[in-house]
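Read through the structure below, which is laid out as structure tokens, and then see the notes.
Values in this text are rule-based calculations from the coordinates and carry no lab data. What you see is a predicted model; the values in this text were computed from it and never measured. Here Cβ is always computed from backbone atoms with ideal geometry, including for glycine, and neighbour counts include all displayed protein chains.
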Amino acid sequence: MADTRSGRLVIVSHCIVNVHSLEEDLAIYPGLEKEVVELLVAKGVGLYQIPCPEVELSGIFRKALPKDSYEHPKIRIFYRNLAENISKTLKWYVKKGYEIVAVIGAEASPSCGIDCIGRWKKDAKGKRVFPRDVEFVSGRGVFMEEFEVALGKIGVHPKWVGIPGKSLRSIRPESFKEALDRLERIL
């Protein structure tokens with residue numbers, strides 16, 4: 001039987017394939033983001049699931065927070081080391097001639113957002129509460145910033161696609177279809 005590998009890989013944020021890694025009240029699927037995974041399977045790409053940076057950092061019992069809360073030198077160093085370790089493994093795929101086509105992130109995540117992140121509203125008074133006191137703005141999550149640098153060091157420059165989560169979909173319902181359409185065009 002012939003080897004039919006496509007030689008094309010997509011790096012996928014952990015929560016896309018395992019919603020159990022999300023904070024409380026943020027999952028909108030029972031197990032995985034079905035439409036995203038179905039599209040990847042239909043396009044014949046390999047999936048490389050990265051560990052959830054937030055679970056690696058803080059464990060499974062954590063609160064949803066915006067990017068401001070992750071902008072700390074120690075967190076950035078932790079994420080940089082994680083990104084560099086993942087890139088060391090990915091380098092083997094590149095050496096074998098495989099193409100890393102895209103990185104799929106969790107849009108609006110403080111760690112894995114691609115084009116959008118949450119930040120505390122400047123006018124929030126008293127104890128700030130997620131998502132009430134958060135605004136969504138352009139930006140990349142802390143881990144994905146470090147991951148992009150680490151991939152660049154091994155000569156990998158994929159397309160970047162953010163899949164919006166529950167918070168972002170609630171204010172921009174069309175954003176999920178837009179992200180899927182963009183991913184399909186890339187693949």
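Numbers below:
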{"item": "Under 22 Å from K91, Cα to Cα: lysines that are on another chain or at least 8 residues apart", "result": "K153, K159"}
{"item": "Length-normalised contact order of the chain in % [C-alpha pairs under 8 Å, at least 6 apart]", "result": "24"}
{"item": "Cβ-based net charge around L187, under 14 Å, with every Lys or Arg adding one and every Asp or Glu removing one", "result": "0"}
{"item": "Cα-based Rg / Dmax (Å) for the chain", "result": "16.5, 65"}
{"item": "Sum of -39500 (n - 2.57) over DSSP H runs of 4+, divided by residues of the chain (222 nm, nearest 500)", "result": "-11500 deg cm²/dmol"}
{"item": "Whichever aspartates and glutamates have a C-alpha closer than 20 Å to that of K63, once near sequence neighbours (fewer than 8 apart) are set aside", "result": "E23, E24, D25, E54, E71, E107, D133, E135"}
{"item": "Pairs beyond 28 Å (Cα-Cα), from K125/K177; K67/K88; K34/K96; K43/K96; K127/K177; K43/K177", "result": "K125/K177; K34/K96; K127/K177"}
